[in-house]
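My structure is below; once you've seen it, I'll send some questions.
The values are calculated or read from the model by the stated rules, or taken from the named source; none is laboratory data. Since this is a predicted model, take the numbers as computed values, not measurements. Note that each Cβ is placed from the backbone with ideal geometry, even for glycine, and that neighbours are counted across all protein chains shown.
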Amino acid sequence: MLKPAAALTAFVLAGCACNAAVAAIPVYGFIVKNTYPHDPQAFTQGLFFRDGHLFETTGLTGRSTLRRLDLKTGKVLQKTDLPNDVFGEGSTAVGDNILGLTWQSKTGYVFDAKTFTMKGKFPYEGEGWGLASDTKNVYMSDGSASIRVLDPGSLKEVRRVQVTAEGKPIDSLNELEVVDGELYANVWGTDIIARIDPGSGKVTGWIDLTNLLPREKRGTNSADAVLNGIAYDGKHRKLYVTGKFWPKLFEIELVRFEGR
């Protein structure tokens, strides 16, 4: 088994956690099970799996969209544009609706999950980054070390959870996904995903996706072409990841590094 990649150690030593966190918290690598096409023009902000299809929200002002995708071909089967003056962010499904955030407009949108018709809006303070949901809560990131917990009915904030590794806050939390009761979060600008206990906020594991798609194979020189996008098919227990402007989407299996 390979040793944990240097990227995780560098990430930790940069101040997002501490040396003890590297030693104490399990680290997972990956095996690629399948590779699929992904729109290289998609600035991926939110990604989730529902009813056999991938759903994605994309960002950039004037280019933000909500999309339904065919997994195997990457083809966009359905799309609606967000208002031209907003920068789209994360998304998740709640009941018959899809919720979508905006970066700095302090406004979220409620779409009909079938028609993509906009049904309403909801306000929040600060920035919107990532969204995920389970049967009881909606989880929202804002780029900090805090996860906001929203009531799925009113979409009002009911509490916040501080995300920590060995007592040290982990900030820059971005796209979110609930996976078997845990909250997975992309750490913006890195190839690292944090596995988080949504109750306590403690990091229970690090997923190191270094070299999943090396920068020279991303097809762009954009600094924004970073890992971002986690979707989980709970029925078939399949995990998918991609990145902003990435030409590929991957189904991966996690493998724990020996001794970690």
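Would you tally the residues in the range 107-135 being farther than 19 Å from Phe55 by Cα and at pLDDT below 95?
Of the residues in the range 107-135, 0 are farther than 19 Å from Phe55 by Cα and at pLDDT below 95.
Going through the range 188-217 one residue at a time, which ones are acidic (Asp, Glu) and within 23 Å of Trp103 (Cα to Cα)?
Asp191
Still on this model: Can you name the residue in the range 219-245 that is touching a strand residue (DSSP E or B) at 6+ places or on another chain (Cβ under 7 Å) and not in a strand (DSSP E or B) and is also nearest to Ser91 (Cα to Cα) among such residues?
Across the range 219-245, the extreme among qualifying residues is Lys244.
Please work out which one of (1) over 19 Å from Arg237 (Cα atoms); (2) part of a strand (DSSP E or B); (3) of a type in the set (Gly, Ala, Ser) is the condition Ala194 fails and give its number.
All conditions pass for Ala194, except number (1).
Quick check, is Leu99 crowded, with 17+ Cβ neighbours inside 10 Å, under 15 Å from Asp151 (Cα atoms) and at pLDDT 95 or above?
Judged against the criteria, Leu99 is a match.
Scan the range 219-234 and tell me whether some residue there is β-branched (Val, Ile, Thr), closer than 17 Å to Phe49 by Cα, touching a residue at least 60 places away in the same chain (Cβ under 8 Å) and in contact with a His (Cβ under 6 Å, 6 or more places away or on another chain).
no
Quick one: which of Gln45, Gln104 is assigned to a strand (DSSP E or B), at pLDDT 95 or above and among the polar types (S, T, N, Q)?
None of the others qualify; the one that does is Gln45.
Do we find that Ala185 is closer than 22 Å to Thr58 by Cβ and buried (at least 19 other Cβ atoms within 10 Å of the Cβ) in this structure?
yes
A follow-up question, please. Taking the range 127-181, which residues are in a loop (DSSP other than H, G, I, E, B) and of a type in the set (D, E, K, R)?
Glu127, Asp134, Lys136, Asp142, Asp151, Lys156, Glu166, Asp171, Asp180
State whether one or more residues within the range 52-60 are outside any strand (DSSP E or B), hydroxyl-bearing (Ser, Thr, Tyr), under 22 Å from Gly88 (Cα atoms) and under 17 Å from the mean Cα position of the chain (by Cα).
Taking every residue of the range 52-60 in turn, none turns out to be outside any strand (DSSP E or B), hydroxyl-bearing (Ser, Thr, Tyr), under 22 Å from Gly88 (Cα atoms) and under 17 Å from the mean Cα position of the chain (by Cα).
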